[in-house]
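The values are calculated or read from the model by the stated rules, or taken from the named source; none is laboratory data. On a predicted model such as this, the values are computed, not experimentally measured, just so you know. Here the Cβ is made from the backbone with ideal geometry for all residues, glycine too, and neighbour counts use every protein chain on show.
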Amino acid sequence: ETGVTQTPRHLVMGMTNKKSLKCEQHLGHNAMYWYKQSAKKPLELMFVYSLEERVENNSVPSRFSPECPNSSHLFLHLHTLQPEDSALYLCASSQESSGTYNEQFFGPGTRLTVL
Amino acid sequence: KQEVTQIPAALSVPEGENLVLNCSFTDSAIYNLQWFRQDPGKGLTSLLLIQSSQREQTSGRLNASLDKSSGRSTLYIAASQPGDSATYLCAVKSSNTGKLIFGQGTTLQVKP
């Protein structure tokens, strides 16, 4: 496997379910990101992890809970979601260092539908 | 607050045409600007990244320019092909917040 992978690619869940999205990067990067892409809206940054510490939480509801156990893996735990949370959830990674801001590489996304 | 706008929202051209996609941003305090391609229902593929100190970047038939002072970038696609059909996203990395701010994209259709 190369690049950034995400599983599952598609997920349908009820509002009372608990599920998790997984992201894995094979690029040796030190920062990982979760984005949400809803129809007809720009990508919205949700969370940023740098060196396994959360450095950004972009006012995301608590029903979304990220976890970064190591620099290669990132999870998004979901519970009691709403239908408006249906979207494409994209993971990205980059190599960040002081004074150098490098390009982000994206995974294929998880298409989430909340019934 | 940084805002990124892409015009047009959609574009349809015949195969072989050269075309230009536009991106504008409101705050010139950026580290870099990145152009992405997104196929329907798929993730993003990075096409070109221009650092704030650079004026342009080229990759194959693609050329991206950056005019930081005027808050504009263009993506030039030469000799377009049906396989170029996709949504093209522009994003700037804010030097104030470190966040990548995206435009809504331009959906390109290249007709055979």
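The table below gives the values:
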{"quantity": "Flag if B:Gly16 is in contact (Cβ under 8 Å) with a residue 60 or more places away in the chain, on the phi > 0 side of the Ramachandran plot and under 11 Å from the mean Cα position of the chain (by Cα)", "calculated": "no"}
{"quantity": "Strands (runs of 3 or more DSSP E) lying entirely in the range A:67-115 (those with 1 or more residues that are hydroxyl-bearing (Ser, Thr, Tyr))", "calculated": "A:87-94, A:110-114"}
{"quantity": "Given (1) at pLDDT below 95; (2) over 14 Å from the mean Cα position of the chain (by Cα); (3) of a type outside the set (S, T, N, Q), number of the condition B:Gly60 does not satisfy", "calculated": "(1)"}
{"quantity": "Complete set of residues in the range B:93-108 that are aliphatic (A, V, I, L, M) and at pLDDT 95 or above", "calculated": "B:Leu108"}
{"quantity": "Qualifying residue in the range B:67-81 (condition: within 13 Å of chain A (Cβ to nearest Cβ), at pLDDT 95 or above and part of a strand (DSSP E or B))", "calculated": "no"}
{"quantity": "Failed condition for A:Ser93, given (1) at pLDDT 90 or above; (2) away from chain B (no Cβ under 12 Å)", "calculated": "(2)"}
{"quantity": "Some residue of the range B:25-33 being closer than 27 Å to A:Gly109 by Cβ, more than 12 Å from the chain's Cα centre (by Cα), among the hydroxyl-bearing types (Ser, Thr, Tyr) and not in a loop (DSSP other than H, G, I, E, B)", "calculated": "yes"}
{"quantity": "Positions within the range B:82-112 being more than 14 Å from every other protein chain (Cβ to nearest Cβ) and of a type outside the set (Asp, Glu), in sequence order", "calculated": "B:Pro82, B:Gly83, B:Ser85, B:Leu108, B:Gln109, B:Val110, B:Lys111, B:Pro112"}
{"quantity": "Per-region count, the range B:75-112, residues over 29 Å from B:Asp27 (Cα atoms) and not hydrophobic (A, V, I, L, M, F, W, C)", "calculated": "9"}
{"quantity": "Test: residue in the range A:12-23 that is within 12 Å of chain B (Cβ to nearest Cβ) and among the hydroxyl-bearing types (Ser, Thr, Tyr)", "calculated": "no"}
{"quantity": "Any strands (runs of 3 or more DSSP E) falling wholly within the range A:1-63 and containing at least 2 residues that are charged (D, E, K, R) and free of Cβ contacts under 8 Å to residues at least 24 places away in the same chain", "calculated": "A:53-57"}
{"quantity": "Residues satisfying the stated conditions in the range B:7-22, i.e. surrounded by 13 or more Cβ atoms within 10 Å (Cβ to Cβ) and in contact with a Phe, Trp or Tyr (Cβ under 8 Å, 6 or more places away or on another chain)", "calculated": "B:Leu19, B:Leu21"}
